Each structure stands twice: as C-alpha cells, then as structure tokens.
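Each value in this text was obtained by applying a stated rule to the coordinates, not by laboratory testing. The structure displayed is predicted, hence computed values, not measured ones. In this analysis, Cβ positions are derived from the backbone assuming ideal geometry, glycine residues included, and neighbour counts consider all displayed protein chains.
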C-alpha cells in the first residue's frame, strides 16, 4: 500500500467514515478517493452530471446510427477480387437526401443548445443568498490561499465548508483571485472548474449536500510544480464546522516549551513570507501557518503532514517539490529541530 | 491528354540528377524551386519531426505510466510536453499538409509548377529554419541565466507565465521567434497555393471541376492567412512585453492575461481546421478511388468545407468557458461551436454515401481512411460534449480534452496523412510501399491508437488534469494510465515500421507505373515520378474526373455534371 494511503487510514478521523455514497463502488476497489465527475456531491456538479448524461445519450445514439451504417456499408459493399473489371454504378449526389441529413443535425443542435443555455444561466447567474459563506481563494505558485473575510480566518490548501441542505441552503461562494499566474480551481465532485486569473476576478459557488473529503487540484498549467498544487475540500457537518471555525479564529498557541523554535521563526527569514497570528510574523508570500498542524498535508498536498515531514520540508522543500518557491534556508540542524518542535505545536 | 514525349525535341535534357555526385544532388535539392521537390522536402522534414515529437510523447507516457514516478523531473517534463505540442502542430502537421499541397495541387490542376516557385522555396526554408530555431533553445535557451533549456510554458503559453518575471532566460523567446518565423513561411505558402489554384488551372478546369483535394487546400490556405496572422501579432506583442517594456499581457501593470487567450485561440481553434481540412482533402481522393465511385455530393462537399472554414472563425472562445466570461458569451460560443457539427455531419454522410453501393478495395490507403471515418465521427461527438459549456467546466483541461484533440490530430489527421503517403508515394518515387509492412503498420497503429486515446477519455472523466508530470496514487488513475502508456509504445512500434517501409520500399518496392490505383485525377496521367515539367502538353479536361472520361469513353462524367 502506498504511504499516502496508510497515512489517511492512520489519521482515521471520522472523515474517512463519511465516504459519500456515490463513491462507495470505488471504496470497494480499495482505499481510494476518486475525484470522479460522475460522483457529484454538490449542486452544480450534480446538475452538470445530469446534462452530461443527456448529451451522452444523444451523441451515443448518433454514434450507433452513423457508425452502424458505416459498418454495414463497409461489409456489404466490399469488393471481390474476382470483380476488378466492372465499375459500380456512378451516383453523383441527391439533393433530397442531402437536405434530409442537413436538417436533422440542425434540429439536434437546437435541442442541445437550448438545454445547455438554460443550465449556463442557472449556474452562472444564481443569486447569492444571505446565508452563503464567502471565501476568497487566491492562487499562488504552487499553493492555495483561503480567506474567510467574515470569519477572520486565513488558511491554505485545505478548504473547510459547511454542509448544506435542500431546506435551508448554506452554499459557499468563492471569489477567485491570483497572486501571480493563471490557475484553475477544480474539485470535480463539487463543481466545474473556474480559472484564477491575475487582474481578472472570478467567482464560483458550491452547495455541498454530502459531508466528506473531496479532492481536486489546479487545472491550469501554472509552472514547474503545477502537478503538486493539490486541493482538499472538507465538507463539515455544522457541528464540525463550528468547532473548526472556533479553532482557526484563535491566535497561535504559545507553548513555552517551543519558545526557542519561535525565536528562530521570528529572527530568520521565515517571517518574511509566513504569517503566524499572535507573533511578529506577518509575511503573506507563503501559506499562513497559524494552525499548520490542523492540516493533513504539507506543501499543497506534496506530503502528509507529519512531524518528520515538517522537519524534512524545512530542511529542503525541493526534496518534496522541486521548483517550489520556498528555498532551503540553510539552517543548522539545531535550528531545524527547534523550528520543527515549534511548528508541530501549532494546532 | 498529355503524352510523356518532350515537346522541345529530344536533345534537350530537362530531367536531372543522374550520374551526379552526392554533393551535386544535395546542392540541387537545396536550391530547388520545383514544387515536387519542395513538397517532398516539406514531408520529409515533417516526418523527421514526427519521430522527434513522437519520442517526446513516449517520454511523457513512460513518466506517467505509474504514479509518483521519479524518472523525469517536473522541469524537464514541462519542457517535453511544451515541445511535443509545439513540434506536432507547427513542425509536423503544418509542414506535412503543405508538403502534400505543394506536391499535388499543381499536378491536379494540370500546371507545371506553383504560381511563385521562388516564394515557395523561400517559404519552405523559413519554416525549416524556424523549426531549428525552436530546437536550438535546448542549447541557447538559458541565455545569460545558465545553460540551455527548452520552452516550458505549454504550447498555449498562457500569459503571464510567459512574462520575464516567471520565465527568465531565453527559452520563451526562442519559442515566440520560432513561431513567428515558421508562421511567415506558412503565410508565403498559403498565398502561393491560393494564387496557383486561381490562376494556373489547365484548360477546361473550372472551379466546379477542381478536384476536391485542391479545393480544400484552397480553402485551407485562405483560412491559414486569417489564423496565422493573430498568432504572429500576439508573439510580437509578447516579445514587446518581454524586451521593450510593453504591458499587453503584464497583469501587474494593468495588462490582461485574457487578451492573450483570445489572441491565441482565435488562432488556435481555426488552426485545428487548418490541419483537419487537408485530412478531409486526402479522404476525398482516397475514399472514392477505393470505393470505385465518384464522390457523392461534390457541390455540398465544397460548400461544407467553405462553411466549416467560416464557422471555425467564430468558435474560439469555447476554449475559454472556464475563464469567467459572461453567461451570454458562454451561450453564444456553445451555439457557434455546435453549428460546426452541421457541415461536418454533411461531410461524414457524403463519405458514407460514396462508399454505399461501391466496390470497396481494402488497400492500405483505404484502411487508414476507413479508420479515419470512425475516429473522426467519435472526435466530432466528443467535440459536441465539450461544447456543452457546463460539462466543459468539468472536462476542460482534463485528459478528456487531451483524448478529444488527439482523436482529431491523430485519429483523423495522422491517419489521413498515412493514407496520403501510401496513396501518393508511388507517384513521388515510382515504387509502391510494401503492402505487408503497410498492413502491420495500419493494424498496430490502430490498436495502439485506441488503447491510448480511448482510455484517456475515462481519465478525464475521473478528474485527471492535463500538464501534470505526476499524480497521486490514491485517485484511481493508475491502471488507466498504465494502459495508456502501453498503447503509446504500440503506436511507436507501428511508426518505426512505417519509417522502415519508407526507406526499404524506395530501393526495393514494386514498380508502380503511372496509375497504380486506377484513379481519376490528373496527377495519375503523368509518369511516376513526374518529369520536372509535369505534363509535356497542357492537359484539357471536361469533368471532375478526367481519367475516368478517358477510361470510360462510353460513360463519361461530363454528361452528368451540371
């Protein structure tokens, strides 16, 4: 079994127990969480799947009719080697037939266009209800910044949103920005993707109806480590979500036993790029680390968030993610140990 | 009709290159302005880069065969897929299709050469040096920043990743300059083809008697003029941004990343049709000859081609459904995109009707064209799926898109290019390609193609994005990726058999004669290979199939054509 799989089992938070029903068949194959577009857990993804199946049935029918005719013609009109001399009757065209096979596709196009247009307007122009949670997503090379402006939360790479329901929806509305180059926010089971483009604010929304962990990743090539710009979205039950919010709103834990590590963080270059609330570190170039250990992965999914990996990461992030913008800081082993001790207290 | 005796008296020797040394022969090929030699040069150049781009594809598939593969680094992978895309579109697709046009259009219209032979040579060498410029980046791309590296911004090169802040060094410059240079070469050839078709047709060849291959290459060249221009403009704007302090795409100074996308795709989408119309052109010649019937609905085929070219200019933003356009714009591009399906459908139905009632001969060129019909049908249907904007929000930039456009570029275009090479190789060399090797090539390539690209559709539906050098093992993508990679190896073997066949048959192939396929257009009326002057006497035609009229004087076409 791959280390990642072992880790997610060992984390064994109640999250794993809440595998959405739609992916149970995948669970039967093994410990996997396939981000399948056909296993939606949220409103836009679900409607898209319905439209997709409708389109698939029309195009499938066309394939069987035209493909069947082609196959029939190829078998039926295969020439025999003995019959090389005579030519078949020459037919140059037929206006009636050609009109018929022009009109039928036009009708199909009209049907497809009208159904599609309806869903485009329904998804794109859906008014934002007052109950909606707002999150500002900012794409960076190669990680995600999540800010909850009304809740005062700033976190990275792992998005927590509340479970919604049909009666009193609590959708999450995402404002999509970029700090550098183009990125794209894609969690297939929740919604289609929308790009994060610098100087071009975008928006998207989800209305998740099943709790669980949903995986995604950046879907617009953004440079060296585009592949390791992974996304995790946790759809929490209301109770879980309020616990999470309360914790994230706290400033960082000040554990006196990790005082030395905090001093390293505040005196070396770490603080230029990272924020830890309640300390002097207010950098914004890298992810907010106030509650680093509340996250399950490091480096936007590059590695499981274990103490050992935190240490390795500080030593040289390139070992996990070559080309990531955090340099190896050339710290002494002692400094690295102190930093690791400190960071692993930030729950 | 022409004869092969010289009109100038036998003492003048117009044929060349016998008894020459290698250097003399090389010199002749370098300075040639003969459309046939330039056509062959184009095709050989394209085939060489097909092997290079194919090797890059194999590297990509080996890296992706298993999750978390450490074989190729992220940086190198990004260069390889950028070079693969750029090479296949600009150095393989464009050169081979214009090679076919160069070789065949003058022969089909009964002309002795292109309208501007020296422009023709100039265009080829521009394109050729553009390709070398692109690959020189492996040596010079690092510039003052270090040793060389190739462009790594994707073949679409979205801004602002191409800005100097994110792409230091000269790799991106080589990419932009190479495309400007090959672009000018392409424009020159397109102008040449248009001028040739309009002004060099032999007596009796009205526009409505033009063989469909030449008709489509005319439409294709017109479309090329419209599409290459915005690409060239965008590359110049990019270089202005990078070196002269421009801010077209500099988002940190008020520039727009979305403007680059519009420029790129108003080139990029019609470009797909620039590549696929010649594939249709080849199918339009091969399918009737091997079905032994005239093409069904010639005027409709011409109209559909012109229609596709026009509609293709209004669909570009279907590559941009996820960039946050208004719902109205999205709906508009859904409709315009789906409209392409109508003329495309007409073409497929007309090919079907051409086969219907025929006596099909399953020679290698026809096998490739029959496979093309099925594959292009599927490519068109997945294209319709991608045009459904909300579904596109899921499928865009996923492996479904990769599968779709490889169905077009390989399943349609490369299959037709292979068909065309098997069909016209005897004309160009005087020898038939080996049929047994041809069948091996066909079946292996067909199997490899489907193993690779059918599988990719599912990867996209399961959420795997493109342009990633590695993927997580827990996503359910492992088996499908391994299968895809195995298919890639099968395709590579098939292409090597083909390359071997090209060389082997040149020396040992069966002699072809003038008209090995019992075909009907003018190129089959002259010797194989044709003499320098093509036709000793200017041909005179009375119908779309002059050789049919000649072979069937009791039942000539001109009695039926309106």
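General remarks:
- Between A:35, A:327, A:211, the Gaussian network model of chain A with springs among Cα atoms under 10 angstrom shows the greatest mean-square fluctuation at A:327.
- Estimated inter-spin distance, residue B:166 and residue B:51, nm [label 7 Å along Cα→Cβ]: 3.6
- Taking 19 Å as the cut-off, the amide N atoms of segment A:145-173 that come nearer than this to a point 7 Å along the Cα-to-beta-carbon line of residue A:246 belong to A:151-154, A:160-163.
- Taking the C-alpha atoms only, the angle from helix B:35-64 to the longest principal axis of chain B is near 30 degrees.
- Gyration tensor (alpha-carbon) shape descriptor, segment A:175-294, a/c threshold 1.5: oblate
- Using alpha-carbon coordinates, inclination of helix B:478-508 to the longest axis of chain B, degrees: 30
- FRET efficiency, residue A:96 to residue A:322 (Cβ-Cβ, R0 60 Å, nearest 0.05): 0.40
- In this calculation the C-beta distance from residue B:435 to residue B:550 is compared with R0 = 30 Å, giving a FRET efficiency of 0.65.
- For the protein assembly as shown, share of DSSP beta bridges that run antiparallel, in % to the nearest 5: 70
- Using all pairs of distinct alpha-carbon atoms, the Kirkwood hydrodynamic radius of segment A:38-130 works out to 17.7 angstrom.
- For chain A, built as a Gaussian network whose Cα springs stay under 10 Å, the top-fluctuating residue of A:74, A:110, A:314: A:74
- Whether segment B:398-540 is rounded, prolate or oblate, judged on the alpha carbon gyration tensor where a/c under 1.5 counts as rounded: prolate
- A crude spin-label estimate for the pair residue B:493 and residue A:175, with each label 7 Å from Cα along the Cβ direction, gives 5.8 nm.
- Of the peptides A:240-248, A:200-208, the ranking by mean beta-carbon count within 10 Å, highest at the top, reads A:200-208, A:240-248.
- Average beta-carbon neighbours from other chains, 10 Å sphere, peptide B:347-358: 6
- Radius of gyration and Dmax over the Cα atoms of segment A:237-326, both given in Å: 13.9, 40
- Here the spin labels are modelled as points 7 Å beyond Cα on the Cα-Cβ line, and at residue A:239 and residue A:267 they lie 4.6 nm apart.
- Across chain B, counting alpha-carbon atoms alone, Rg and Dmax equal 23.6, 77 Å.
- Taking all pairs of distinct alpha-carbon atoms in segment B:38-192, Kirkwood radius in angstrom: 16.5
- Degrees between helix B:327-355 axis and first principal axis of chain B (Cα, 0 to 90, nearest 10): 30
- Neighbour counting of Cβ atoms within 10 Å sorts the residues B:114, B:385, fewest neighbours leading, into B:385, B:114.
- Take the convex hull of the alpha carbons in segment B:95-163; its mean projected area over all directions comes to 6.6 nm².
- Within 10 Å of the Cβ of each residue in B:150-158, the mean number of Cβ atoms contributed by other protein chains is 2.
- Here the relative contact order of segment B:136-232, from alpha carbon pairs under 8 Å that lie six or more residues apart, stands at 24 percent.
- Taking other Cβ atoms within 10 Å as a rough exposure proxy, B:137, B:314, B:167 sort from fewest to most as B:314, B:167, B:137.
- Each of the peptides B:409-418, A:99-108 was scored by the mean count of other Cβ atoms within 10 Å over its residues; in descending order, highest first, they stand as B:409-418, A:99-108.
- If you wrap segment B:282-423 in the convex hull of its Cα atoms and look at it from every side, the mean projected area works out to 8.4 nm².
- Length, then width, then depth: along the principal axes, the Cα atoms of the protein assembly as shown run 105, 60, 48 Å.
- Shielding by other protein chains, A:59-65, mean Cβ within 10 Å: 3
- GNM remark for chain A: springs join alpha carbons under 10 Å apart, and the peak mean-square fluctuation among A:115, A:279, A:297 falls on A:115.
- Look at the alpha carbon pairs under 8 Å that are at least 6 residues apart: their mean separation over the length of segment B:244-362 gives a relative contact order of 33 percent.
- Chain B, relative contact order in percent, only Cα pairs under 8 angstrom and at least six apart counted: 18
- Working note: Debye formula, equal point scatterers on the alpha-carbon atoms of segment B:373-456, no solvent; log10 I(q)/I(0) at q = 0.11, 0.13, 0.22 Å⁻¹ is -0.39, -0.50, -1.00.
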